[in-house]
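Read through the structure below, which is laid out as structure tokens, and then see the notes.
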Amino acid sequence: MKFILARKVEMTRLFGEDGRVRAGTILAATPVTVTQVKTVEGKDGYQAVQVGEGERRPKNISKAVLGHTKDKGFRAIREFKGEEGAEVGAQIGLETFAVGDTVRVSGLSKGRGFAGVVKRHGFHGGPRSHGQKHSEREPGSIGGSGGRAGGRVAKGIRMAGRMGQDRVTVENLRVLALDAKEGRMIVSGAVPGSRGTLLEVRSAPSSAEATKGK
């Protein structure tokens, strides 16, 4: 399988040969370096490839991480489970991908802070009439009346709270354009996160692999 780390640049649009316009997202990707290869037979007990991306001052990195990466200051380190066939120190770039490939992109969604139930869960709120004054955006009753929850607030009930900063994976995106020399690729549709968000891009599993995973 193909995989790489990239950072979100911005959204754009492309006109295809058929004249149709397609929304896409520009991703910037520099070659990543393999820092560790994990195997089922080894002490880790599972198969994965760990890679490092970007540059960072060694003085800002802990000695444990510097020892692990052989004194190389990476900006970020991520792990791709289930991957194999890589060697420590090898470089992986965008040339492994091709226009038309189907990929899945994972990353952290935008953090939106503390949000109420209307914004966070799409509640309609209370009525705007019949004497209502401050309850337009209130959640309503949260107690477990009757025998539903024994008079307590049931675990998992939708309420106000922190919104965003969740790991999101978008499946079945297609590579629309690719420039390995410039380190740019355009994938169809939208991807999670704001500009500059670090994303994990990997090729979509084949039907055989997907069936095996289930």
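The values are calculated or read from the model by the stated rules, or taken from the named source; none is laboratory data. Given the structure is predicted, the values throughout are model-derived calculations rather than measurements. Glycine also receives a Cβ, built like all others from the backbone with ideal geometry; neighbour counts cover every protein chain displayed.
Any residue at all in segment 120-132 that's closer than 30 Å to VAL40 by Cβ and surrounded by 14 or more Cβ atoms within 10 Å (Cβ to Cβ)? Looking through segment 120-132, none of the residues is closer than 30 Å to VAL40 by Cβ and surrounded by 14 or more Cβ atoms within 10 Å (Cβ to Cβ).
Here GLY85, GLY73 are screened, and the one residue that is touching an Asp or Glu at 6+ places or on another chain (Cβ under 9 Å) and assigned to a loop (DSSP other than H, G, I, E, B) is GLY73.
Quick grid of which residues meet (1) charged (D, E, K, R); (2) over 24 Å from the mean Cα position of the chain (by Cα); (3) at pLDDT below 90:
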{"position": "VAL51", "(1), (2), (3)": "no, no, no"}
{"position": "LEU66", "(1), (2), (3)": "no, yes, no"}
{"position": "ARG75", "(1), (2), (3)": "yes, no, no"}
{"position": "ALA86", "(1), (2), (3)": "no, no, yes"}
{"position": "VAL103", "(1), (2), (3)": "no, no, no"}
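The single condition among (1) of a type outside the set (Phe, Trp, Tyr); (2) over 20 Å from the mean Cα position of the chain (by Cα); (3) surrounded by 15 or more Cβ atoms within 10 Å (Cβ to Cβ) that GLY161 does not satisfy is (3). The number of residues in segment 166-203 being part of a loop (DSSP other than H, G, I, E, B), under 14 Å from the mean Cα position of the chain (by Cα) and of a type in the set (A, V, I, L, M) comes to 2. Cβ separations smaller than 8 Å between residues 6+ apart or across chains give the following pairs from segment 130-142 residues that are acidic (Asp, Glu) to residues that are exposed (fewer than 10 other Cβ atoms within 10 Å of the Cβ): GLU136/ARG128. Residues that are among the acidic types (Asp, Glu) and under 25 Å from ASN172 (Cα atoms) do occur in segment 73-81. Right, ALA98: among the small types (Gly, Ala, Ser), surrounded by 13 or more Cβ atoms within 10 Å (Cβ to Cβ) and either more than 23 Å from THR33 (Cα to Cα) or in the same structural domain as THR25 (by TED's automatic domain parsing) (or both) or not? Taking the combined requirement at face value, the residue does not satisfy it. Entry remark, segment 20-53: residues being surrounded by 12 or more Cβ atoms within 10 Å (Cβ to Cβ) and in a strand (DSSP E or B) number 20 in total. Total residues in segment 1-19 satisfying the condition of being of a type outside the set (Val, Ile, Thr) and not in a loop (DSSP other than H, G, I, E, B): the figure is 10.
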